[in-house]
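Q: Quick one: the structure is below, and I'll ask about it shortly.
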Amino acid sequence: MVEAYWPQAEPYRIKVVEPIQLLSREGREKALERAGLNPFLLKSDEVYIDLLTDSGTGAMSDNQWAGMMSGDESYAGSRNYYNLARAVEDIFGYPFFLPTHQGRGAENVLFPLLIEPGNYVPGNMHFDTTRAHIELAGGIGVNLVGEEAYDLSSEHPFKGDMDIPALIDFIEKKGPNSIAFILMTVTCNSGGGQPVSLGNMKRVQEVARKYDLPLFIDAARFAENAFFIKKREPGQEDRPIRTIIREFFQLADGFTLSAKKDGLVNIGGLIGLARSQEELLQKARERLVPLEGFITYGGMAGRDMEALARGLYEVLEEDYLAHRVGQVARLGQKLLDIGVPIQQPIGGHAVFVDGKTWLKHLPQEQFPSQALCIELYLESGVRAVEVGTILAGRDPQTGENIMPPLDLLRLTVPRRTYTDNHMDYVAAAFGKIGEKREKIRGVKMTYEPQILRHFTASFTRV
Ligand code: P61
C-alpha cells in the first residue's frame, strides 16, 4: 500500500553539498574483502549511498546551523538547555526533562531506577539497545506486538500496535508486581518502522492504569508515528501533528528518546517525564551526573542542545513529514514494481527487503539477507544492513543460532540527505541483482563475537 502523499518534491533547497564517490568494482571488492564481508566494517569513503541507518545521519537546516553558533558552553545553566526545556514542554507537554548523549544514555540512566532484578518489561517490540539495557538492569524484555507484524504482506495500517489481550494475559499470568513498566516503541523499528495507533496507545494506557503500572515511550521516531496516525487513523485526518503528539504523550508517564532520528540532529538524547514523576526525576538526576554529565547538559554540548531544540520543531512540519515518509514509500514502490518482496505497508524510515524470500535458494543458516547486503554493495556501492539471523544472535541456553521468523535487509533512509535520484539508483541496483539472484552464494561466519556479533563479525562465502 502506497499512499497519496507522494510524488512530492523536496520541501527544501540545498545550500551545502558533500561529495560522494563510487569506487570501481575492483575497489569495492577489495574494500569488502578487507572488511571481512561485513558492511559495518567498510570505511564510509568506500560507500556511495549509505543506507546503514537513519540514526545521526540526517542533514541539519540552516536554522539549526545558525543555532549552533549561539551555543552557550557554560558547564551549568546553559541558555540552550532552557531553550530545549521549553521545546520539550511545548511539544510533549512534559515539564521535566534530562539531556543525554544519545538514546541508550537515556535508557542507561532511567531503566535501573524502574527495574528490579527478574522484572518483566512488556512492550510492542523492543529495539536491541533497549533490550540490552533492560537486561543490564536485570530485567526481561517481552515483545507483545500484534501478530500482523510478522506477516510481511499484511496491509494492516498499524503493525506496531500492542496485542492488548496478550498484554492483559501476560500481566495476569506473571502478576503486576513482577512488571517494571510497559514500553511502547514508536515507530516500531524492529518490526519495520511500523506505527502505533493512538487508539492502541489509549488501550495500553487503560491497561497500565488498571494494574497501576508505569507506561513509557521509546520515542525515537515520534513525528513519523504521528504522521501515520494522521494519514491512516479514522478521525485523525484533520488534526494537526502537534495535537496528535500531545495527546499521545499525555497517555504516558515519560519517554526516552534518541534525538538522532526525529530530533534531526547528529547526536543527542532525552529523558522526558510527566508532572507526576517528580520523585523519579530526582533519582534520575542523581544518576545522570556520574553517567552522562551535569543536569543542564547531560552529555550534550550547548550548541547541540540548541540544534535539537530547533530540530524538534522542524520535524513537526507536515510538508517535511509528507516528503520524508513519501520518499521512503517511493523507494519501496519501485522495488515492488520490479518484484522485490518487501515489508508492507512501507515503514516510515526504511524499506525492509525480505531477503529470505527473494533469495529462496539460500537456507536461513547461510544468512540470505547478509548475502544480499554483500551483493548490493558489490553491485552498486550501496550500504544496507541485515536485520535478521545475524542480528538475532544465539540462544544463551542452547548456544544455537536463533532463527527469527523474518530475515530482512534494511534500506534505512537518512533524513534530508539523499534525493530521489539516489533512491532510483538504489532501486536500479536491485533490478540488476534480480537478474542473477539465483547465483548469489550464502555466507558463514569466520569470526563471531560473543555479543552484538553483527557489528564486527567476519564472513566467507559458502
Ligand atoms: C538504528 F545497528 N537505532 O535504528 P541511540 N530506540 C530505538 C532505536 O531505533 C535506537 C535506539 C533506541 C538505531 C541505531 C543503531 O545495533 C544497532 O541514540 C527505537 O542509537 O543510542 C537506535 O538510540 C538507541 C543501529 C543502534 C544498530 C544499535 O539504526
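The values are calculated or read from the model by the stated rules, or taken from the named source; none is laboratory data. In this text, all values refer to a predicted model and were calculated from it rather than measured experimentally. Cβ sites come from the backbone with ideal geometry, for glycine too, and all protein chains shown count toward neighbours. Please note that ligands, DNA and RNA were not included when accessible areas were found on the heavy atoms of the full protein model with its side chains. Shrake-Rupley method; radii C 1.70, N 1.55, O 1.52, S 1.80 Å.
Q: Residue check: is Gly199 among the small types (Gly, Ala, Ser) and within 15 Å of the ligand (Cβ to nearest atom)? Break it down stepwise before answering.
A: Details: among the small types (Gly, Ala, Ser): yes; within 15 Å of the ligand (Cβ to nearest atom): no.
Answer is no for this residue.
Q: Oh, and also: For the range 13-25, indicate whether the set of residues that are part of a helix (DSSP H, G or I), open to solvent by less than 50 Å² (accessible area, probe 1.4 Å) and touching a residue at least 24 places away in the same chain (Cβ under 8 Å) is non-empty.
A: At the first step, the residues of the range 13-25 found to be part of a helix (DSSP H, G or I) are 25.
So of that shortlist, the ones also open to solvent by less than 50 Å² (accessible area, probe 1.4 Å) come out as none.
Among the residues of the range 13-25, not one is part of a helix (DSSP H, G or I), open to solvent by less than 50 Å² (accessible area, probe 1.4 Å) and touching a residue at least 24 places away in the same chain (Cβ under 8 Å), which makes the answer no.
Q: Only one of Gly67, Gly77 is outside any helix (DSSP H, G or I) and in the same structural domain as Ile244 (by TED's automatic domain parsing). Can you tell me which? Don't jump to the end; show me each part of the working.
A: Values: Gly67 fails: outside any helix (DSSP H, G or I).
Every option except Gly77 fails the conditions.
Q: Can you give me the ranges of the helices (runs of 4 or more DSSP H) entirely in the range 293-411 with at least 3 residues that are of a type in the set (S, T, N, Q)?
A: Numbers: elements: 302-314, 318-337, 355-358, 368-380, 389-392.
Answer list for the range 293-411: 368-380.
Q: Still on this structure, I have one more. Collect the residues in the range 244-285 that are more than 16 Å from the ligand (Cβ to nearest atom) and closer than 25 Å to Arg415 by Cβ, keeping them in residue-number order.
A: Keep residues of the range 244-285 that are more than 16 Å from the ligand (Cβ to nearest atom), which gives 244-247, 250-251, 253, 273-285.
Of everything in the range 244-285, those that are more than 16 Å from the ligand (Cβ to nearest atom) and closer than 25 Å to Arg415 by Cβ turn out to be Ile244, Ile245, Arg246, Glu247.
Q: Could you tell me whether Ile49 is assigned by TED's automatic domain parsing to the domain that holds Thr446, in contact with a strand residue (DSSP E or B) (Cβ under 9 Å, 6 or more places away or on another chain), modelled with pLDDT of 95 or more and hydrophobic (A, V, I, L, M, F, W, C)?
A: Numbers: assigned by TED's automatic domain parsing to the domain that holds Thr446: yes; in contact with a strand residue (DSSP E or B) (Cβ under 9 Å, 6 or more places away or on another chain): yes; modelled with pLDDT of 95 or more: yes; hydrophobic (A, V, I, L, M, F, W, C): yes.
The answer is yes for Ile49.
Here's the yes/no breakdown for (1) more than 23 Å from the chain's Cα centre (by Cα); (2) within 30 Å of Arg461 (Cα to Cα); (3) part of a loop (DSSP other than H, G, I, E, B); (4) in contact (Cβ under 8 Å) with a residue 24 or more places away in the chain:
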residue	(1), (2), (3), (4)
Ala9	yes, no, yes, yes
Thr53	no, yes, yes, yes
Thr57	no, no, yes, yes
Ala85	yes, no, no, no
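Q: Let me ask something else. Do you know which of the residues in the range 401-419 that are open to solvent by 20 Å² or more (accessible area, probe 1.4 Å) and modelled with pLDDT of 95 or more is nearest to the ligand (Cβ to nearest atom)? Write out each step before concluding.
A: The first filter runs over the range 401-419 and keeps only residues open to solvent by 20 Å² or more (accessible area, probe 1.4 Å), leaving 401-406, 410, 416-419.
Still in the list and also modelled with pLDDT of 95 or more: 410, 416-419.
On the way: Arg410: 8, Arg416: 17, Thr417: 14, Tyr418: 16, Thr419: 21 Å.
Filtering first and then ranking leaves Arg410.
Q: Just to be sure, is Tyr150 touching a Pro at 6+ places or on another chain (Cβ under 8 Å) and touching a residue at least 24 places away in the same chain (Cβ under 8 Å)? Before you say what the answer is, go through the steps one by one.
A: Numbers: touching a Pro at 6+ places or on another chain (Cβ under 8 Å): yes; touching a residue at least 24 places away in the same chain (Cβ under 8 Å): yes.
It is true that Tyr150 is touching a Pro at 6+ places or on another chain (Cβ under 8 Å) and touching a residue at least 24 places away in the same chain (Cβ under 8 Å).
Q: If you scan the range 432-453, which residues turn out to be open to solvent by less than 20 Å² (accessible area, probe 1.4 Å) and within 16 Å of the ligand (Cβ to nearest atom)?
A: If the condition is that a residue be open to solvent by less than 20 Å² (accessible area, probe 1.4 Å) and within 16 Å of the ligand (Cβ to nearest atom), then Pro449, Arg453 are the ones that fit.
Q: Could you check, for the range 382-391, whether at least one of its residues is away from the ligand (no atom under 16 Å from the Cβ) and open to solvent by 10 Å² or more (accessible area, probe 1.4 Å)?
A: The answer is no, given that none of the residues of the range 382-391 is away from the ligand (no atom under 16 Å from the Cβ) and open to solvent by 10 Å² or more (accessible area, probe 1.4 Å).
Q: Let me ask another. Within the set of pairs 6+ apart or on separate chains, which have a first residue in the range 163-177 that is closer than 11 Å to Val207 by Cβ, a second that is open to solvent by 100 Å² or more (accessible area, probe 1.4 Å) and not in a helix (DSSP H, G or I), and C-beta atoms under 6 Å apart?
A: Sorted first by the residue in the range 163-177, then by its partner, the list stays empty.
Q: Look through the range 100-130, keep the residues that are aromatic (Phe, Trp, Tyr) and outside any loop (DSSP other than H, G, I, E, B), and return whichever of them is nearest to the ligand (Cβ to nearest atom).
A: So the residue we want is Phe111.
Q: Sticking with this structure for a sec: Which is out of contact with any strand residue (DSSP E or B) (no Cβ under 8 Å at 6 or more places or on another chain) and either touching a residue at least 24 places away in the same chain (Cβ under 8 Å) or open to solvent by 10 Å² or more (accessible area, probe 1.4 Å) (or both), of Pro368, Pro345?
A: Details: Pro345 fails: out of contact with any strand residue (DSSP E or B) (no Cβ under 8 Å at 6 or more places or on another chain).
Going through Pro368, Pro345 in turn, just one is out of contact with any strand residue (DSSP E or B) (no Cβ under 8 Å at 6 or more places or on another chain) and either touching a residue at least 24 places away in the same chain (Cβ under 8 Å) or open to solvent by 10 Å² or more (accessible area, probe 1.4 Å) (or both): Pro368.
Q: Assess whether Glu155 counts as being touching a residue at least 12 places away in the same chain (Cβ under 8 Å) and of a type in the set (Asp, Glu).
A: Numbers: touching a residue at least 12 places away in the same chain (Cβ under 8 Å): yes; of a type in the set (Asp, Glu): yes.
For Glu155, the condition - touching a residue at least 12 places away in the same chain (Cβ under 8 Å) and of a type in the set (Asp, Glu) - is met.
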